[in-house]
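Just so it is clear, none of the values below were taken in a lab; they were calculated from the coordinates. Every value quoted in this text rests on a predicted model; they were computed, and no experiment measured them. No Cβ is skipped: glycine too gets one built from the backbone with ideal geometry, and neighbour counts run over all protein chains shown.
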Amino acid sequence: MLPKLHTTRTRQYLKNRLNVTPGTEAGKLSAEHVAAIAAYEAADTRAFDDTTHLLRLMDLLPLPGEEGGEGTRFWMSFSSVGGEHGAAFLPANARGNVLDALGGNGNPLAMRWLYVLGNMTGPERTATADLIGQALARRMHLHTDRDPYLGRLWLDDTEATSWRITARSVEDPDFRDDEERQQQFARAWRNA
């Protein structure tokens, strides 16, 4: 499951910074242009990878709306054990953020996860890890009914991935295009 790439930013970068259109023939590009495009795409890959990973983590859990109702029961249980803010992940409440992530914008979904996980008490987090561990044990065909350790790993990975997505989107999401900010940053570190 992959989100869509953000081609609008790439096109703006090519046009504004390199004076190249996406349709420009490769033979007309200098080595410097090719290197700049490759560097830009490599830097953008992290945001794409983290959003993909967050969606993959969610795909390990029972899917809401599946026939048989396991997904619906799972997400209702998550809402119950997740504490005061667990209802944020009822499918009707999270649907828009999940669809945004599939469209390439993982920040709203990441913010939702950070909000819910950050507001859980220790016992709520333990209960959530147990619930997720049950789902993962079934999904991975383990010889146990539950594995709270896998649930804790899942929660920690989801939280860390959400943090990376969120931290990357703070204020200027494309630091590379802001020369003034780059100069201010370099100046501050030179003067430190």
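Among residues other than GLU84 with Cβ under 15 Å from its Cβ, the summed charge is +1 (Lys and Arg +1, Asp and Glu -1). Taking label points 7 Å from Cα along the Cα-to-Cβ direction, ALA26 and GLU84 give a separation of 5.6 nm.
Label-to-label distance, TYR149 versus GLU70, with points set 7 angstrom from Cα along the beta-carbon direction: 2.3 nm.
With angles folded into 0 to 90 degrees, how steeply does helix 179-191 sit against the dominant principal axis of the chain? Use alpha carbons for both and round to 10. Once rounded, one gets 80 degrees.
Listed by Cβ neighbour count within 10 Å, with the fewest neighbours leading, HIS141, HIS33 appear as HIS141, HIS33. Once the C-beta distance of ARG56 and ARG187 is scaled by a Förster radius of 45 Å, the resulting FRET efficiency is 0.65 to the nearest 0.05.
Determine the dipole magnitude for the stretch 12-103: charges of +1 sit on the beta-carbon of Lys and Arg, -1 on that of Asp and Glu, nothing else is charged, the reference point is the Cα centre, and the result goes in debye to the nearest 20.
For the stretch 12-103, the charge dipole is close to 280 debye.
The angle separating the long axis of helix 91-102 from the principal Cα axis of greatest extent in the chain is about 30 degrees.
Taking Lys and Arg as +1 and Asp and Glu as -1, the other residues whose beta-carbon sits under 13 Å from that of ASN119 total -1.
FRET efficiency for the THR121 to ALA39 pair, using the beta carbon distance and R₀ = 35 Å, is estimated at 0.20.
Here TRP163 and ASN16 are evaluated by their C-beta separation; at R0 = 22 Å the FRET efficiency comes out at 0.15.
Computed packing ranks the peptides 84-96, 125-137, 51-63, 12-24 as 125-137, 51-63, 84-96, 12-24, most packed first, by mean other Cβ atoms within 10 Å.
Relative to the longest principal axis of the Cα atoms of the chain, the long axis of helix 31-59 lies at roughly 10 degrees. With contributions of -39500 (n - 2.57) from each DSSP H run of at least four residues, the per-residue ellipticity at 222 nm computed over the chain stands at -22500 deg cm²/dmol.
How do TRP189, TRP75, TRP163 rank when sorted from fewest to most other Cβ atoms within 10 Å of their own Cβ?
TRP189, TRP163, TRP75
For PHE78, PHE185, what's the fewest-to-most ordering of other Cβ within 10 Å of each Cβ? Ascending Cβ contact count within 10 Å gives the list PHE185, PHE78.
The average projected area of the chain, computed from the convex hull of its Cα atoms over all directions, is 15.0 nm².
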